[in-house]
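Note sheet for the following structure.
The values are calculated or read from the model by the stated rules, or taken from the named source; none is laboratory data. Values in this document were obtained by computation on a predicted structure and should not be read as measured data. Note: ideal-geometry Cβ built from the backbone for every residue, glycine included; neighbour counts use all protein chains shown. Surface areas here come from the heavy atoms of the whole protein model, side chains and all, with no ligands, DNA or RNA. Shrake-Rupley method; radii C 1.70, N 1.55, O 1.52, S 1.80 Å.
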Amino acid sequence: MASTGPGSEETTTIGALVPLTRPGWVEAGRHLLAGLQLAVSEINSAGGVGGKALELLVRDTAADPQKAVAAVDELARLGVVAIAGEYHSVVARAAAIRADELGLPFLCSSAVLDGLTDQPTKWVARLAPPQSRGWQTYADFLSRAGHDRIAVASQQSVYWASGVHILRDHLKANGATLSDISMSSLDPSMLCDQLIHHRATVLLLLVGQPEPAISIVKSVRNDGRLSTIKIGAPAGQPEFAEWATLLGEDSAAIPFLRYRPGHLDPLGSRVERALREKLGEAPSFVALEGYDSIVVLAQAIRSYGTDRNSIAESWPRIEVAGTRGHIQFFRTPATTVWQWTGVPIQIAERTPGNPAQIRGVDDAR
């Protein structure tokens, strides 16, 4: 999908990688794209960057790493100055590795996998926090709540396996245990039996949305033996409206990670209102990540020009106000890319009795 054609002498073209069709998380992709497009529109209405309008070339990754690599190749040939976007970690990793090989700046908007590339690279920067930081925060939240017998329902992927490893190591350090229950050969009713066997007090959903996550929640909520078990979703499935639509009251009281502060500043509040109007629903933090991605790239182009190497060299020198705080990039031991280290992390849940509303249950960090 291309939202615009290739750029001309009067435009500066940025590529966008977005999951817009299944098996990609389409709702996340729609929010990410809305944020990217809103920022481009606002910047162009204010005169563009360096006298030129920004154009966005959008490619659907459909959660497929091979499609993402092909899209990076195509966008590079079309002359984009940089690429932004992507939500799925495994897909973003494939795109980042290819962008590094081609010498094409890639600002990863949403994916969190720590090892976004195999080797340190100057070409890739990221707005979302590394998975280890967010998921360790979630493990600490569970420990403070007194949970010491944690079960995870997991599917096979690098992302889920990384999450299990992070949680297990951090929970063990806090004196808790973690049981990894593979969903490869279990249906949700069989999972309930496993939760009883492990005497788990918490079940974490390390599975895809909407399925099997929705079916698992329904089965657990309807099993009288599990009336006291807590369900959690460190991967953030309850963030999107589809979660409440499909589960109703069962969607509430399931804590999840979201990457925004509890209260937005004036810039963030204004952008949130504009995104709500554009989307017709409450915007997720993913929409804010999309908006911030264009803000960062516009600042890089404004200050250092459209040369790809100059943009890549600018990551450590960028300082810009984003919707969720002041954005700067640093090298950190946990990742191989330039990382925004100040991104806020909040644990939230949909409110019991009013699941359309999201409330914070732990301080943003």
(request) Over segment 144-269, calculate the relative contact order: mean separation of alpha carbon pairs under 8 Å at least 6 apart, over the residue count, as a percent. (result) 24
(request) Quick one: P(r) of segment 195-273 from all Cα-Cα pairs, 5 Å bins, percents rounded to integers, in order of increasing distance. (result) 3, 14, 23, 21, 15, 10, 7, 4, 2, 1
(message) Tell me the volume per residue, in Å³, of the convex hull enclosing the alpha carbons of the chain.
(response) 120
(request) Determine the share of the chain's accessible area contributed by carbon and sulfur atoms, expressed in whole percent, with a 1.4 angstrom probe. (result) 49
(request) Could I have the simple spin-label model distance between D307 and R270, label points 7 Å from Cα toward Cβ, reported in nm to one decimal? (result) 3.3
(request) Go through segment 225-230 residue by residue and turn each phi into a ³J(HN,Hα) via Karplus (6.51, -1.76, 1.60, θ = phi - 60°); whole Hz please, and just put x for glycine and proline. (result) 5, 10, 5, 9, 6, 9
(message) Can you order the peptides 21-34, 283-296 by their average number of other Cβ atoms within 10 Å per residue, highest first?
(response) 283-296, 21-34
(message) Students often check this: by mean Cβ neighbours within 10 Å, which of 345-352, 177-184 ranks highest, and how do the rest follow?
(response) 345-352, 177-184
(message) Need the C-alpha centroid separation for segment 273-291 versus segment 213-266, integer Å.
(response) 20
(message) Give me the mean projected area, in nm² to one decimal, of the convex hull enclosing the Cα positions of segment 145-197.
(response) 4.0
